[in-house]
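Engineer: Okay, here's the structure, questions in a sec.
The values are calculated or read from the model by the stated rules, or taken from the named source; none is laboratory data. Everything quoted here is computed from the prediction, not taken from an experiment. Here the Cβ positions follow ideal geometry from the backbone for every residue, glycine too, while neighbour counts run over all protein chains shown.
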Amino acid sequence: MIEQVPMPDLDDEDHAAFWEYCRHGELRIQACERCGRLRFPPRPMCPWCNSLSSTWRPVSGRGSVWSYIVPHPPLLPALTPLAPYNVVVVVLEEDPTLRLVGNLVTSPDGAINEVDPSSITIGEPVRVVFSPVADDLTLPRWVRSSAS
C-alpha cells in the first residue's frame, strides 16, 4: 500500500459489497431488481425507474479503454515516485454506460507505472485483474487482452 493515498470507505453502505466482491476476485455490478439495469457507481436508487431494490450481478470483466490520462504532475505527492503512470477509464462490454477507473498494468501485481502511456490505445480490449493493496482492500485493475 502507498502511504498517504486516500483509500475507499469500505464501510460505505452503497459501496461495501463492491469492495468485498473485489477482495474475493469477483467483478460484480449493482443491478436494479425492478428494471434489471446495471449501474455504476453503486447508489441507493435506480436512476431509470427510481426503485430502491438492488442486487449484485457478476459481469465478465471484459471491456475496452474508453479514455486515459497521465497525470502531470501526480495528483498526490505520495504518487510522485511512480510518475509517470496511467489512469484508464474502461467501458464494460455488458453495457456502454458502465465505466470503471483504474490503471493498466501487465499483471495483477504490476506497478501502475509499468505500462508506457504512449502505448495505450483508445478502444483496445482489456480485462480486469485484482490487486490486493491492503489486508482488507483489493483494487480492480486492467490488463490487455485479445479481442474475443
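Engineer: Identify the residue in segment 115-139 that is among the hydroxyl-bearing types (Ser, Thr, Tyr) and part of a helix (DSSP H, G or I) and, among all such residues, is modelled with the lowest pLDDT.
Structural biologist: It comes out as Ser118.
Engineer: While we're on this one: So Gln4 passes all but one of these: (1) surrounded by fewer than 16 Cβ atoms within 10 Å (Cβ to Cβ); (2) under 18 Å from Val126 (Cα atoms); (3) not assigned by TED's automatic domain parsing to the domain that holds Gly123. Which condition number does it fail?
Structural biologist: (2)
Engineer: Six or more apart or on different chains, Cβ under 6 Å: which pairs go from a residue in segment 97-116 that's touching a residue at least 12 places away in the same chain (Cβ under 8 Å) to one that's among the small types (Gly, Ala, Ser)? Could you list them?
Structural biologist: Final answer for the pair search is Pro108/Ser131.
Engineer: Could you tell me whether any residue of segment 15-26 is in contact (Cβ under 8 Å) with a residue 12 or more places away in the chain, in the same structural domain as Arg144 (by TED's automatic domain parsing), among the aliphatic types (A, V, I, L, M) and not in a strand (DSSP E or B)?
Structural biologist: There is no residue in segment 15-26 that is in contact (Cβ under 8 Å) with a residue 12 or more places away in the chain, in the same structural domain as Arg144 (by TED's automatic domain parsing), among the aliphatic types (A, V, I, L, M) and not in a strand (DSSP E or B).
Engineer: Starting from residues that are among the polar types (S, T, N, Q) and surrounded by 13 or more Cβ atoms within 10 Å (Cβ to Cβ), keep the ones in segment 49-65 and report whichever is nearest to Val129 (Cα to Cα).
Structural biologist: Looking at residues that are among the polar types (S, T, N, Q) and surrounded by 13 or more Cβ atoms within 10 Å (Cβ to Cβ), I get Ser64.
Engineer: Hey, among the residues in segment 27-36 that are surrounded by fewer than 17 Cβ atoms within 10 Å (Cβ to Cβ) and of a type outside the set (Lys, Arg), which one's nearest to Trp142 (Cα to Cα)?
Structural biologist: Among residues in segment 27-36 that are surrounded by fewer than 17 Cβ atoms within 10 Å (Cβ to Cβ) and of a type outside the set (Lys, Arg), the one nearest to Trp142 (Cα to Cα) is Gly36.
Engineer: Take the residues in segment 129-148 that are farther than 24 Å from Ala16 by Cα and of a type in the set (Gly, Ala, Ser); name whichever of them is surrounded by the most Cβ atoms within 10 Å (Cβ to Cβ).
Structural biologist: Within segment 129-148, the match that is surrounded by the most Cβ atoms within 10 Å (Cβ to Cβ) is Ser145.
Engineer: Let me ask another. Identify, by number, the condition in (1) surrounded by 16 or more Cβ atoms within 10 Å (Cβ to Cβ); (2) under 16 Å from the mean Cα position of the chain (by Cα) that Pro96 doesn't meet.
Structural biologist: Here Pro96 clears every test but (1).
Engineer: What residue, of Val105, Val126, Val88, is surrounded by 19 or more Cβ atoms within 10 Å (Cβ to Cβ), more than 12 Å from the chain's Cα centre (by Cα) and farther than 17 Å from Tyr21 by Cβ?
Structural biologist: Val105
Engineer: Exactly one condition in (1) surrounded by fewer than 14 Cβ atoms within 10 Å (Cβ to Cβ); (2) farther than 19 Å from Pro6 by Cβ; (3) outside the structural domain of Glu20 (by TED's automatic domain parsing) is not met by Tyr68; state its number.
Structural biologist: (1)
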